[in-house]
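Comments concern the structure below.
The values are calculated or read from the model by the stated rules, or taken from the named source; none is laboratory data. Please read these numbers as outputs of a predicted model, since none were measured by experiment. Here the Cβ positions follow ideal geometry from the backbone for every residue, glycine too, while neighbour counts run over all protein chains shown. Side chains included, ligands, DNA and RNA excluded: accessible areas come from the protein's heavy atoms. Shrake-Rupley method; radii C 1.70, N 1.55, O 1.52, S 1.80 Å.
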Amino acid sequence: MTNAENVRKENVRTLNQKNTSTTPSHRLAGLLARLWRKHGRRGETGAEVVEFALSASVFFLFCFGFMELCLVLFTLNSVSEAARDAARWASVRGTSSSETVNGATNCVNPNITGCPATENDIQTYVQSLPGTTSATVTANWCDSDGASNCSASESNAIPGHIIKVTVSYSFASVPFFRSASLTLNSTAEKVVWQ
């Protein structure tokens, strides 16, 4: 062998050593990559798009369902707070909270208005609260036990009696699940003290 042939064989050997890794795992990874490029994608064209469409639709269904549930719970909390506020508001506007002088009825406490409270006054108050503009209100004044002699007449708003305020709100239909609206109710009771 001539010197030129030896040099050429040596160059080929160094090139082969540079192109192939020395560890078996690198050789196997290279072989798998070549096979994947050559044979792996024949029957799988478009499979990623279908998988993404299915998983994304389930993911977004859960996301929007969770947001809708949070909105229902927020609205229920607003209705409950409105019922509590309305019962407290009406409890300080009983029959003894006003006095009639010369034919004019005024509140005894100069810091409040609307004495004594009527069911329409309570309805107006609830609808002035944020988020409850379309709520309906039912007010009943009961005896001190809270169960007997209940009446919608404010003449029963005597100190020591109970005011029961029920606030109802019609939540818009939940898309894809309910065709009818969801009615949220909350009742609060307070003792009439004035």
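Structure data summary
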item: Segments 79-89, 121-131, 148-158 sorted - mean Cβ within 10 Å per residue, highest first; result: 79-89, 121-131, 148-158
item: 15 Å reach of a label modelled at F171, 7 Å along Cα-to-Cβ, counting backbone N of the range 52-78; result: 64-78
item: Per-residue ³J(HN,Hα) for the range 118-131, Karplus 6.51 cos²θ - 1.76 cosθ + 1.60, θ = phi - 60°, Hz, x for Gly and Pro; result: 9, 5, 5, 4, 5, 4, 4, 4, 5, 6, 7, 6, x, x
item: Residue-by-residue Karplus 3J(HN,Hα) for the range 59-74, coefficients 6.51, -1.76, 1.60, Hz, glycine and proline x; result: 4, 5, 4, 5, 4, 5, x, 5, 5, 5, 4, 4, 5, 5, 5, 5
item: Surface accessible to a 1.4 Å probe, per residue, for the residues of the range 122-194, Å²; result: 54 Å²
